[in-house]
Amino acid sequence: MSGLRILVVCPHFAPDTAPTGVVMTRIVSELGAAGHEVHVVTTLPWYRDHRIDEDWQRVTWKDRTRPTEWGSVTRLNPFAGSDKRNLFRRALGFIGFSSTATVAGIRVRSSGRIDAVIAMSPPLTLGLTGWFVALWRRAPLVFNIQDVFPDAAIETGAITNRFVIVLARLLEKSTYALSKRITVLSDDLADNVRAKIGHRRDRVVVIPNFVDTENIRPLSRMTSYRQELGLGERPVVMYAGNIGYSQSLELLVEAARALPHVDFVINGNGSARTTLEVEARGVSNLVFGDFQPAERLAEVLATGDVHVVPLRRGLGRVSVPSKTYSIMAAGRPIVAAVDAGTEVTRLVDGAECGIVVGPDSPSEFIEAIRRLTDDLQGSAEMGRRARAYVEQQASPRAVAERYADLVREFRR
């Protein structure tokens, strides 16, 4: 069978640093390497500082679409505002990008008829974009869900307006109905979506995200980044990722106060960082670090002897932090503060690579960190088991091939 022709609509793509962008970039790369033709419609890089990267601000409309060895990439204005906490402004940005992406997706030139359109959410508005593009190009829509929206936003209190919630629910349900297939990252997310669509539950397919085991690998704990942060040889507990309202990072502040002989790092940016920095004033063994270039990810992760994955209560079944796989690839143990019986707990318990506690239990969280930092040799053994697990279960090539198999079904 000849190679597939796939059109991807996503909110981030390399060199953007968003985790979902890293995921989609590698999947597209693997599909291209397998001989498939892929065309990507995405934004100009903007995630790191929530504004278009300076090097890309001067890119003209003429140069927004560039050919690649496997197809093309079209980049559009994300209409992002600098204030990440302004949800109304962010919603307008999503609508603006989704609208222009619809036009761009229709205009993409391919060597033949597109076999499938893959649209990524969030933002949820890209579901309708994907449907319009798929309808125009007479192709099926594959709706790729990274986080179930609006569930996560409602659980965290980011959305409280009843009208907005009803509108978002309607948009969600409509997009599910219009999709030929809906891909999710875990069985928990699959159960969530299947409960909403009622019939045709077979349309929901579980395809987990991969981890880049080539570039993310175990390194010495005494990294250059540790020195940059002003840290010495003491045990380091790290959170690395988006600092938002889905993560119960106040647990880390409490743990730092309770364990003064351990250093703590919160590494990243996000809408909740300013509030968290205020809460952490006077906690001398907790430092904040900024996002680093993707090529330093392995070094950043190696800086932590123990990593934490904290999700607020109720979010374990609507969100699967991709950082979990990256931590495991780096060969580091995990303290996960998440809902019991969810995907992260199955990962950590299955690989025997850490400790799982309740999502809102400071005492359990602190005790778990104490246990791992008091026994760095045992923690290192957990890290070795984590690395072995992802090497066997989550390679980029295997994940990309599952997407290709899904699209091949439409040709039959």
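Taking Cα centroids, how far is the stretch 116-182 from the stretch 30-70 in Å?
Here the two parts' Cα centres lie 22 Å apart.
Hey, can you rank 182-195, 101-114 by average C-beta count inside 10 Å, highest first?
Numbers: 182-195: 19.6, 101-114: 15.9.
Result, highest mean first: 182-195, 101-114.
Which residues' amide hydrogens lie under 5 Å from the amide hydrogen of Val40, considering only partners 5 or more residues apart or on another chain, with H built in the peptide plane?
Val8, Ser72, Val73, Thr74
When only C-alpha pairs under 8 Å and at least 6 residues apart count, what is the relative contact order of the stretch 224-393, in percent?
22
How much of the DSSP beta bridge set in the stretch 1-152 is antiparallel, as a percent to the nearest 5?
Counting only bridges with both partners in the stretch 1-152, antiparallel ones make up about 15 percent.
What are the aspartates and glutamates whose alpha-carbon lies under 14 Å from the alpha-carbon of Lys173, with same-chain residues fewer than 8 places away excluded?
Partners within reach: Asp151.
Output the antiparallel fraction of DSSP beta bridges having both residues in the chain, as a percent to the nearest 5.
The antiparallel fraction comes to roughly 10 percent.
Between the stretch 293-313 and the stretch 184-230, how far is it from one alpha carbon centroid to the other, in angstrom?
14
Place the peptides 301-314, 356-369 in order of packing, highest mean first, counting for every residue the other Cβ atoms within 10 Å and averaging per peptide. Walk me through the numbers on the way to the answer.
Details: 301-314: 23.4, 356-369: 18.8.
Result, highest mean first: 301-314, 356-369.
Report, ordered by chain and residue number, the aspartates and glutamates lying within cross-link reach of Lys180, taken as a straight Cα distance under 16 Å and ignoring same-chain residues fewer than 8 apart.
Qualifying aspartates and glutamates at Cα under 16 Å: Asp115, Glu172, Asp202, Asp405, Glu409.
For the stretch 224-393, state the semi-axes of the equivalent ellipsoid (square roots of 5 times the eigenvalues of the alpha-carbon gyration tensor), sorted largest first and rounded to whole angstrom.
21, 19, 16
In the neighborhood of Ile266, defined by Cβ-to-Cβ distances under 12 Å, what is the net charge if each Lys or Arg adds +1 and each Asp or Glu adds -1?
The answer is -4.
What is the projected area of the convex hull of the Cα atoms of the chain, averaged over all directions, in nm²? The partial results should precede the final answer.
Details: hull surface 76.6 nm².
Spelled out: convex hull of the Cα atoms, projected over all directions, averaged, 19.1 nm².
Show me 198-205, 345-352 ranked by packing, highest mean number of other Cβ atoms within 10 Å first. The partial results should precede the final answer.
Details: 198-205: 13.6, 345-352: 17.5.
Peptide ranking by packing, descending: 345-352, 198-205.
Please report the antiparallel percentage of DSSP beta bridges with both residues in the stretch 224-393, rounded to the nearest 5.
0
Coordinate-derived values only; no laboratory data. In this text, all values refer to a predicted model and were calculated from it rather than measured experimentally. Here the Cβ is made from the backbone with ideal geometry for all residues, glycine too, and neighbour counts use every protein chain on show.
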